[in-house]
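Bear in mind these aren't lab numbers, they're just calculated from the coordinates by the rules spelled out. All values derive from a computational prediction rather than experimental measurement. Reconstructed Cβ throughout: ideal geometry from the backbone, glycine too, with neighbour counts over all protein chains shown.
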Amino acid sequence: MSTPTTPQVPPHGADDSVDPAVAGRAAFPELPSVPVVPVKSRKHIYFGLGGLVVGLAAGLALGAFVGAVSGALSESGAIPRAVEVCSATDMEGVSVMDGGKSLNLQTAGEESEGTTALTVVCVLGELDAPDSLYTKLESTRALDGNKSADWAGFTASWTYHPDDGLNIIVETAAK
């Protein structure tokens, strides 16, 4: 007796039919694959540049402030320092005023007491007065009235009369 044979069923996917997804690709030529590059965030670059700009601006502002303050402080101390260097602290005709921000130099005239021209030259020299100021002082006449000049950080005004001598007021620019 013979045993009946069961028909052979091909395993799943073993038939000769083509997968529809693969069949669609076969119609188009194969393209080279392009690597996918992830988009990189540039936030860290912008954040760094922003920090650099803020830091630079703050540094410049702080530098300008410190320079202005130290300049004002050095100018306010320059007058008392100049008077002290020239040994004119207690000299007649030399008066430091306004907490060291101004100075009165009064030279002796025919009818008045005061300091010497050498003391005036010394004090003005310590204040870095330009040579042109000395020439202006020497050429001032009684008829000229009140004259003035300024230089780095200072202003001077003066009058002259033979009876009263030369009266000079020097002030710092930072009042």
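Applying the criterion of being among the hydroxyl-bearing types (Ser, Thr, Tyr) and surrounded by fewer than 16 Cβ atoms within 10 Å (Cβ to Cβ) to the residues of segment 133-175, the residue that is farthest from VAL123 (Cα to Cα) is SER139. From the list LEU105, LEU137, pick out the single residue that is in contact (Cβ under 8 Å) with a residue 12 or more places away in the chain, closer than 12 Å to ILE79 by Cα and of a type outside the set (S, T, N, Q). Unique residue meeting the criteria: LEU105. For segment 86-108, the criterion of being part of a helix (DSSP H, G or I) and among the hydrophobic types (A, V, I, L, M, F, W, C) is met by no residue.
Of all residues in segment 119-175, exactly one satisfies the criterion of being among the hydrophobic types (A, V, I, L, M, F, W, C), within 15 Å of SER95 (Cβ to Cβ) and over 39 Å from the mean Cα position of the chain (by Cα), namely LEU166.
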